[in-house]
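What follows is calculated from the coordinates using simple rules that are stated; it is not laboratory data. Predicted, not measured: the structure shown is a model, and the values here were computed from it. Heads up, the Cβs are rebuilt from the backbone with ideal geometry, glycines too, and the neighbour counts pull from every protein chain shown.
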Amino acid sequence: MPLVKMSEIISFAEKNNCAAGAFSVGNMEMIIGAVKAAEEMDTPIILQIAEKRMKQSPLDLMGPMMVSAAKNAAVPVAVHLDHGLTMDCIKKSLEYGFTSVMLDGSLLPFEDNIALTKEVKAQADKYGATVEAELGVVGGNEGDSAKHEILCTDPDAAKIFCEETKIDCLAVAIGNAHGNYPVLPELRFDVLESIYKTVETPLVLHGGTGITAEMFRKAISLGIRKINIATASFDALANAAKEYTQTADKPDYFTLSPKMAEAVYNNVKKHIEIFRNK
Ligand code: 13P
């Protein structure tokens, strides 16, 4: 099964009235766990990495591993740059074979976000790659080092943005935030519904960790076609490592590595089950 464009996986989700899971990875074990879950569930997935995470997980190492895992997977897998911060990273990701890129211009003034997104689209078009952009402000700090107040996406602005930039999918802000929620968030489904009615572009939900299955299903019914999960997988891996090292007499890497992959596999599988919406 080939490495596929992210737009193909999103079209599949649209046809099947479900959402594609986009799972963030930071090392080999996370890639192995996520792909194994997708294969076992016979469901396409998106493997992604945010530019900010490349301090710990360099693109030069992660890029080839992610692309190779996708090429060898038994189900369609897209490889996506999540929250790109620089054109340099966008270009390098495309050169490594990523089939989708996002440059997060959500903190820029509207017109500047449009201009930058058009530049990204022109680059991605050279490779036939998919483009995601964000409008409104998602809480938390996946994109850069600062924490941000949530600012819901304006449906009319979203329509203009999508028409002008011709992006393939739009990340919306509806009360969602990156990282662990201190309390269950109150997602603004009224805002999502209004965006869904106004905009034809498929919609993306960031900040998936901690959202309930019921809320995911409601979001899917209102046009969400890609859901990002990062923190839950990183936490699952870290907790598995902690449990193993605290209980093993002589901890060794060769036992630890599959345990980390398994923890990610379990988390990805759990989310795929919900996102398939069956
Ligand atoms: P979480 O870390 O909250 O799962 O968010 C993931 C995300 O949206 C990555 O862009």
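So if the hydrodynamic radius of the stretch 131-221 is defined as the Kirkwood radius over C-alpha pairs, what does Stokes-Einstein give as its diffusion coefficient at 10 °C and 1.306 mPa s, in µm² per second?
It diffuses with D of about 119 µm²/s by this estimate.
Across the stretch 187-245, how large is the tail of the calculated P(r) beyond 12 Å, expressed as a percent of all Cα pairs?
It works out to 70 percent of all Cα pairs.
Cβ under 15 Å from Phe12's Cβ, Phe12 left aside: what net charge do those residues give with Lys, Arg +1 and Asp, Glu -1?
Net charge in that neighbourhood comes out at +2.
Using the alpha-carbon atoms, what tilt in degrees (0 to 90, nearest 10) does helix 6-15 show relative to the longest principal axis of the chain?
Here the helix axis deviates by roughly 80 degrees.
Tell me, in nm to one decimal, what length is gained between Thr198 and Ala213 on full extension, where the rule is 0.36 nm per residue of separation less the Cα-Cα distance?
Result for the pair: 2.9 nm of gain on full extension.
Give the value in nm², to one decimal: projected area of the alpha carbon convex hull of the chain, averaged over all directions.
The Cα convex hull of the chain, projected and averaged over all directions, gives 13.8 nm².
So what's the angle, to the nearest 10 degrees on a 0 to 90 scale, between helix 28-41 and the longest Cα principal axis of the chain?
The two axes meet at around 80 degrees.
Which order do the peptides 131-137, 235-241 come out in when sorted by mean C-beta neighbours inside 10 angstrom, highest first?
131-137, 235-241
Under a crude label model (7 Å from the Cα following the beta-carbon direction), how far is Lys71 from Asn16 in nanometres?
Taking the two extended label points, one gets 2.5 nm.
Extension gain Glu163-Asp112, at 0.36 nm per residue separation less the Cα-Cα distance, in nm?
Going from the current span to full extension adds 16.8 nm.
Magnitude of the Cβ-charge dipole of the chain, K/R +1 and D/E -1, about the Cα centre, nearest 20 debye?
Once rounded to the nearest 20, the dipole reads 580 debye.
Computed over the Cα atoms of the stretch 222-276, what is the ratio Rg over Rh, Rh following Kirkwood?
1.13
Just to confirm the filter: which trypsin sites (Lys or Arg not before Pro) across the stretch 101-206 are DSSP coil and have at most 11 other Cβ within 10 angstrom of their Cβ?
Lys147
Counting only helical runs of four or more DSSP H residues, what would the 222 nm mean residue ellipticity of the chain come to if each run contributes -39,500 (n - 2.57) and the total is spread over all its residues?
Helix contribution divided over all residues of the chain: -15500 deg cm²/dmol.
Order these by the 10 Å Cβ neighbour count, fewest first: Leu184, Leu222.
Fewest to most other Cβ atoms nearby, the residues stand as Leu184, Leu222.
Helix 155-165: angle to the longest alpha-carbon principal axis of the chain, degrees 0 to 90, nearest 10?
Result, in degrees: 80.
Using the 10 angstrom Cβ neighbour count as an exposure proxy, how do Leu187, Leu81 rank, fewest first?
The order, fewest Cβ neighbours first, is Leu187, Leu81.
In nanometres, what is the gap between the two model label sites at Gln56 and Ala238, each 7 Å from Cα along Cα-to-Cβ?
Reported label-point gap for Gln56 and Ala238 is 0.6 nm.
Strictly over 30 Å apart at the Cα level, which of Lys5/Lys242; Lys166/Lys269; Lys5/Lys269 would you flag in this model?
Among Lys5/Lys242; Lys166/Lys269; Lys5/Lys269, the Cα-Cα distance tops 30 Å for Lys5/Lys242; Lys166/Lys269.
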